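Trainee: Quick one: this structure, given as structure tokens, is what I'll be asking you about.
The values are calculated or read from the model by the stated rules, or taken from the named source; none is laboratory data. Given the structure is predicted, the values throughout are model-derived calculations rather than measurements. Note that we place each Cβ from the backbone using ideal geometry, even for glycine, and neighbour counts take in every protein chain shown. The accessibility values were calculated without ligands, DNA or RNA, using every heavy atom of the protein model including side chains. Shrake-Rupley method; radii C 1.70, N 1.55, O 1.52, S 1.80 Å.
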Amino acid sequence: MSEQTPVRTTRAVQLTESREALGGRKQFLGGWRRRWNRMARWQQWLFLIIVLAAVYYLPVANPWLITTEPGNDFPIACFQMAVYALVAVGLNVVVGFAGLLDLGYIAFFAIGSYTAAFFTSPDSSLIHIPYLWTLPLALGIAMLFGVALGLPTLRLRGDYLAIVTLGFGEIIRILATIIPAARGQVGFKEVGHPPGTASDGQPIFSVSNGVPWYWLAVTVIIVILLLVGNLERSRVGRAWIAIREDEDAAEIMGVPTFKFKLWAFAIGAGVGGLSGALFAGQVGFVNNQKFDVATSMLFVAAVVLGGSGNKVGAILGGAIVAYIPLRFTAIADYKYLIFGIILIVLMIFRPQGLVAAKAHLLTYSRLALDKVSEFRAARVASEQEKAAAAEAAKGVPNE
Amino acid sequence: MSEPRDEKRERVPVENDPNLGAVPESVPNEGPADADLTDIGPDPTPEADTDVPDEAELAEVLAEAGIDEEVAEAAASEREIAVEVGEKIIEVKAVTVKFGGLTALDDVTFHINRGEILGLIGPNGAGKTTAFNAMTGVYKPTSGDVLLEGKSIKGKKQHRITRAGLARTFQNIRLFGEMTALENVVVGLDARHKTSVPGALVRSPRHYREEKSAVERGIALLEFVGIAESANTLSRHLPYGSQRRLEIARALATDPKVLCLDEPAAGFNPAEKDQLMDLIRTIRADGYTVLLIEHDMRLVMGVCDRIVVLEFGKKIADGSPAEVRADQRVISAYLGEPDDDAA
Amino acid sequence: MLATLFSLSAALPASVSTDNSWINFDVTSLLQNFWPATFDGLTFGAIYALIALGYTLVYGVLNLINFAHSEVFIMGCYGVVFTLTSLGFGPNAPNLSIWAIIFNLILAMLVGMVFSVVTAFVVERVAYRPLRRRGASRLAFLITALGASFSIQYLIFLVRGSNAEPAVTMFIPTPIFQVFGAIIDSQQLTIVIAAIVMMVATDQYIRRTRVGRGIRAVAQDPDTATLMGVNKDRIIVTTFVIGGILAGAAALFYVMKVPSGVIYNGGFVLGIKAFAAAVLGGIGNVRGALLGGLLIGVIGNYGQLLLGDSQWTDVVAFIVLVLVLLIRPSGLLGQTLGRSRA
Ligand SMILES: Nc1ncnc2c1ncn2[C@@H]1O[C@H](COP(=O)(O)OP(=O)(O)OP(=O)(O)O)[C@@H](O)[C@H]1O
Ligand SMILES: [Mg+2]
């Protein structure tokens, strides 16, 4: 940590202050946020319920123009978007909050998929458990891998983590190929699904019917969002953002940075595993061909595009990254190129992504707002008082 | 890299908290000046501070700063207020720090007494910041030892040293730019919080308790340093003076035994420096021990009980302001340097 | 399940069928082929070391891992293959005099270097410089580097498709001498000697020349170096270019060793291995890169013999990387070019 004397001219200070005075500049999707914050609690809830209803209804509605058909089945496309959104929510914890570049996300995704396959597919010789149990199991196992990978790398500089995780993404795929028990390209068929049969005797959660899978995925996203939101508005979220902003300063302010980085990494890995298990269930088949390390780059693109450090942005980014190749099948082959270039362009011109919003880091943020309003009111009152006094003082000689 | 910092400011749109409307034209950048909003006037004799060397002076300070005891109490709620200048709270013993061939600190020994304001001065590059870094665990001393209340803290993790009671500010401001002023302070408060990650995940009762007290104490601390109105402003949007004050509030939030300030007045004008002096005196009056690095002689001489002088990594003097001012080596070390040299 | 987790087969070779075993150890194979595997590993290691130098040098001056360096290398491979193909080389070695072959190979290497250097230059200009100007966060650099890396990969994919380039054989290796019963052939000798010569040259260049001093100065303290009149941007570009030149050379040797290994995403795993080599030797340390490269090459080969599949070399290299980071993150020879921490 090299200390430097800040070279601050009065001019620079003036500039900062004038910028401060300018207040909030208009920004893309920023107005929404302002409007949202101005709403009362019940309005927010109402709005949320309407949005949620629309989200759940989406695959059934299959709206014109938005639909990915005839190229891709729309409900299944919706499911894939949901999976990407979930991935982005998890990766956002690592990249967006803690500022760690995790490029092995596809590996955790793969670990989750294989967990579901190993414990539900008839091709596996391990014990079998109901599919829904594999979701928490996948989360747990992926977390363990996350910790194993994080322990050696998180003490070091961020780039080590990036390249080690990038390598890990490829290694998992290779291991799936060369370890006999992972069955390489042959893979695992008939991965399990949640229970329930429709009236026609078909399982509700069938490979061809995306709608229930989509609903399941959206529900999982909501649960994860709530939990991540809890973390965000606590000392954990504050520690993450502090680490992202200035790791050394955070450590000196008493934040056990290594511990919180490891948590972020493990939580991210866990959500990756969870999404992998969901994905494996819907597709019903897992082999070594599905986990291209380039997909990790798409995941990062999802977070960065939406706006890192921001849950709404992550969901949006994830959905967009999944949607574009599904909707515009003509350019599907170029998706890695397109999103690779988008990454560069974004980082250079708009590093805050589409939805630029600040993380909410206090459970009692309203209390804080109220207190500050009190201060302002008090100041205004005292200023008025002074003005009145001055007026009175001026008034006397005039008479 | 100070240039990119400014560019960043320019690029990222200013965020405003909508609930508060637009940020007022001039956000206060001088703390105590607008402390009048705390509505209570001077409070001449706080009983708790009977041990303070100069009662009259303190009363004056408090009055000037417009800080009433209640606020000070809230800011320092969990500490006993004992301002006796007493036993050694920090001992720096024969510490040497080397960077490759360069010896930045050479066998430096000094101590800080509980309740005093110790000045650490010296020409540029003398090793003052390095001494801070060696004490707070940023650098591990090549040799020597650092004791906090008799226990060695050398080589301990930085966050542990902070929790052991040593907090600091940075010479080049290092706030968490994307956090509001209040959130910055709450990060400091978190050093004393115990909510675990699972606890936060399910929102345990402790979590709620700590969060609530964090907001209250955080606001009180901001009020203490005089920037409560900017509590919900992103710290990178704060004016420079408020940023320096926020650094102090954040360090105080960790509830330190010793507060180390690294050139807190750098870039301040004389009026702001006066306010800062008052603030430092108030902090001490609240029972904190203060270690102060500062170039401005007037400020140092005016506020410190004792001064340690470094030059080229060696300690060349240690004594009361009057003694130091009279010291021949100090005079020659500073010869040619203007008195009012603000980094 | 535990019974099949590790099965030690001392006599039987590893079975490749889809049984339910997890890992099979084939100790016999390792013992039997120990020396040939060692020398072969050294050859691969020399190639890794050349690539590793690119990582190390850029890391030295920028304190950043250049993710796109693997693509710098693979572009060099394409340059080499295009040149050789247009010179009439194909799957079978051409019937040329030794001097003609040497001339052709040097030509191919130069073109490979040009390809690599241009790629490195473009990456620096497009992905790094704008961010540096803006003083962006480390994360931003890593993300653009990632974007650059994949953009290049899929640009190649767009132009050349998903298949590997047709093999080009440069010459048939002829045995030169024997050590410990293992034959050392002309190919191995060429690669190792040429690579070591290039590395010594690089080392000397950085130690002795003015530009080299500049590189070291920037690595030690960019701000002071700038104050002393070193043009930081120039030094950074130079470093990228040197990395590109070495990657171009590595490309020639790689194509020589693996004639059909040139594929759009082929740089990726090699990049990871080279990075592992750089870290093992001590990132930022030129000599460390050589040591690390050779070690990774050899250890990877042992892993392949022991575990039975050539892809194990990648896994083993990765495990070595993680272990090094765990036990001795500064690497075997320590970090010299740059600092360990800013
Ligand atoms: N991380 C480091 N690596 C190498 N040298 C360093 C490092 N930190 C400080 N130094 C050197 O140590 C010496 C003391 O620096 P230090 O920052 O402690 O001085 P200072 O007394 O705080 O000066 P100033 O008044 O300018 O803040 C200087 O020569 C400086 O260049
Ligand atoms: Mg200093």
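Trainee: So with the 1.4 Å probe, I'd like the accessible area per residue for the stretch A:71-365, rounded to whole Å². Walk me through the numbers on the way to the answer.
Mentor: Values: 8610 Å² over 295 residues.
Here the per-residue accessible area is 29 Å².
Trainee: In addition: Mind putting a number on the dipole of the protein assembly as shown about its Cα centre? Charges go on the C-beta only, +1 for Lys and Arg and -1 for Asp and Glu, and I need it in Debye to the nearest 20. Numbers along the way, then the final one.
Mentor: Details: 93 positive and 99 negative charges, 776 e Å.
Using only the charged Cβ atoms, the result is roughly 3720 debye.
Trainee: Taking the Cβ-Cβ separation of A:Asp200 and A:Tyr57 as r and a Förster radius of 22 Å, what is the calculated FRET efficiency to the nearest 0.05?
Mentor: The pair A:Asp200/A:Tyr57 has a calculated efficiency of 0.45.
Trainee: Compute the helix-to-body angle for A:210-232: its Cα long axis versus the longest principal axis of chain A, expressed 0 to 90° and rounded to tens.
Mentor: Its long axis makes an angle of about 40 degrees.
Trainee: Describe numerically, in nm with one decimal, the distance between label points set 7 Å from Cα along Cα→Cβ at A:Leu65 and at C:Val27.
Mentor: Placing both labels 7 Å along Cα→Cβ, they lie 7.1 nm apart.
Trainee: Determine the total buried accessible area between chain A and chain B, counting protein heavy atoms only with a 1.4 Å probe; round to the nearest 100 Å².
Mentor: It comes to approximately 7300 Å² buried between A and B.
Trainee: Under 8 Å for C-alpha pairs, at least 6 residues apart: give me the relative contact order for chain A, rounded to a whole percent.
Mentor: 27
Trainee: If the limit is 19 Å between Cα atoms, which of B:Lys128/B:Lys314; B:Lys98/B:Lys257; B:Lys140/B:Lys257; A:Lys259/B:Lys194; A:Lys311/B:Lys212 go over it?
Mentor: Numbers: B:Lys128/B:Lys314 10 Å; B:Lys98/B:Lys257 28 Å; B:Lys140/B:Lys257 21 Å; A:Lys259/B:Lys194 14 Å; A:Lys311/B:Lys212 24 Å.
Those over the limit are B:Lys98/B:Lys257; B:Lys140/B:Lys257; A:Lys311/B:Lys212.
Trainee: Counting only protein heavy atoms and rolling a 1.4 Å probe, how much accessible area do A and C lose on contact, total for both sides, in Å² to 100?
Mentor: Details: alone 22160 and 16480 Å², together 33900 Å².
Rounded to the nearest hundred, the buried surface is 4700 Å².
Trainee: Let me ask you something else. Give me the one-decimal nm value for the distance between modelled label points at C:Ile176 and B:Ser320, 7 Å along each residue's Cα-to-Cβ direction.
Mentor: Label at C:Ile176, label at B:Ser320, 8.3 nm between them.
Trainee: For C:Ser162 and C:Ser186 in one chain, what is 0.36 nm times their gap in residues minus the Cα-Cα distance, to one decimal in nm?
Mentor: So the chain would gain 5.4 nm between C:Ser162 and C:Ser186.
Trainee: Rounded, prolate or oblate, given the Cα gyration tensor of the stretch A:245-362, with a/c below 1.5 counting as rounded?
Mentor: Details: a/c = 2.26, a/b = 1.42, b/c = 1.60.
The shape class here is oblate.
Trainee: In the protein assembly as shown, what percent of the accessible surface is made up of carbon and sulfur (1.4 Å probe, ligands and nucleic acids excluded)?
Mentor: Using a 1.4 Å probe with all protein chains present, the protein assembly as shown comes out at 62 percent carbon and sulfur.
Trainee: Sticking with this structure for a sec: Calculated from DSSP H runs of 4 or more alone, at -39500 (n - 2.57) each and per residue, what is the 222 nm mean residue ellipticity of chain A, nearest 500?
Mentor: It lands at -22500 deg cm²/dmol.
Trainee: Suppose all protein chains stay in the model; what accessible area per residue would a 1.4 Å probe give for the stretch C:21-180, in Å²? Walk me through the numbers before you get to the answer.
Mentor: Working: 6190 Å² over 160 residues.
Here the residues of the stretch C:21-180 average 39 Å² of exposed surface.
Trainee: Given R₀ = 25 Å, what would the calculated FRET efficiency be for A:Arg376 paired with A:Gln44, taking r from the Cβ atoms and rounding to 0.05?
Mentor: The pair A:Arg376/A:Gln44 has a calculated efficiency of 0.60.
Trainee: To continue, here is another question. Just how much of B:Thr109 is accessible, in Å², when a 1.4 Å probe is used and the result is rounded to the nearest 10?
Mentor: 60
Trainee: Going by alpha carbons, how many degrees (0 to 90, nearest 10) lie between the helix axis of A:365-398 and the longest principal axis of chain A?
Mentor: On a 0 to 90 degree scale, this one is about 20.
Trainee: Picking from A:Arg366, A:Arg173, A:Arg379, which is most flexible by a Gaussian network model of chain A using Cα springs under 10 Å?
Mentor: The residue with the greatest mean-square fluctuation here is A:Arg379.
Trainee: Using only the Cα atoms of the protein assembly as shown, what are the Rg and Dmax in Å?
Mentor: Calculated on Cα positions, Rg and Dmax stand at 32.0, 118 Å.
Trainee: Tilt of helix C:232-257 relative to the longest C-alpha principal axis of chain C, in degrees (0 to 90, nearest 10)?
Mentor: Between the helix axis and the principal axis of chain C, the angle is about 20 degrees.
Trainee: I'd like the FRET efficiency for A:Ser125 and A:Arg155, computed as 1/(1 + (r/R0)^6) with the beta carbon distance as r and R0 of 51 Å, rounded to 0.05. Don't jump to the answer; show the numbers that get you there.
Mentor: On the way: r = 38 Å, r/R0 = 0.75.
Between A:Ser125 and A:Arg155 the formula returns 0.85.
Trainee: Considering the convex hull of the alpha carbon atoms of the stretch A:71-365, report its projected area averaged over all viewing directions, in nm², one decimal. Could the numbers behind the result be given before it?
Mentor: Details: hull surface 63.5 nm².
If you wrap the Cα atoms of the stretch A:71-365 in a convex hull and average its projections, you get 15.9 nm².
Trainee: Only bridges with both residues in the protein assembly as shown count here: give the DSSP antiparallel percent, nearest 5.
Mentor: Given both bridge residues lie in the protein assembly as shown, the antiparallel proportion sits at roughly 55 percent.
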